[in-house]
Amino acid sequence: MIKYELKCRKDHVFEAWFYDSATYDKQAAGGKVVCPVCNSRKVEKAPMAPRIGKSKGEVAKAEAKEAAKMRQALTELRDHVEKNADYVGDQFAEEARRIHYGETDKRNIYGEATKDEAKELVEEGVDVAMIPWLPREDA
């Protein structure tokens, strides 16, 4: 795994993990790397200082700590979405279109969509984001 510090065209800086540098290159070229702040797909690697002088144990401990922070952030994001949006289940794509085209009142929604449905929504100009949804730890 490799962690990159990334920057979008609006200068939002964020970190992301990738299997390797080729995986980052492929996802970035395909427009799949998205700024979590503004949803911009124009993202590039920001300058980073290399890790020097840490033992494998220290690196593993630091990576575990970073993974725990990411898990906590995703848990907080899920809580925020659930409190501030309506769940529409597998009708997400249809409901997002209805909102986008003014056929129903504008509101925040979340639900499930296939990758193809999400791609079609983006191509239509519907503002959507795919979020990695972690299962509840108490489930």
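The values are calculated or read from the model by the stated rules, or taken from the named source; none is laboratory data. Not measured: the values here are computed from a predicted model. Virtual Cβ from ideal backbone geometry, glycine too; neighbours counted across all protein chains shown.
Computed values, structure above
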read-out	value
The range 79-94 residues that are among the acidic types (Asp, Glu), paired with ones that are in a strand (DSSP E or B) (beta carbon under 8 Å, 6 or more apart)	GLU82/TYR110; ASP86/ILE109; ASP86/TYR110; ASP90/GLY111
Members of the range 102-139 that are among the β-branched types (Val, Ile, Thr) and exposed (fewer than 10 other Cβ atoms within 10 Å of the Cβ)	none
Strands (runs of 3 or more DSSP E) completely within the range 1-112 that count 1 or more residues being in contact with a strand residue (DSSP E or B) (Cβ under 7 Å, 6 or more places away or on another chain) and not assigned by TED's automatic domain parsing to the domain that holds VAL126	2-8, 13-18, 43-45
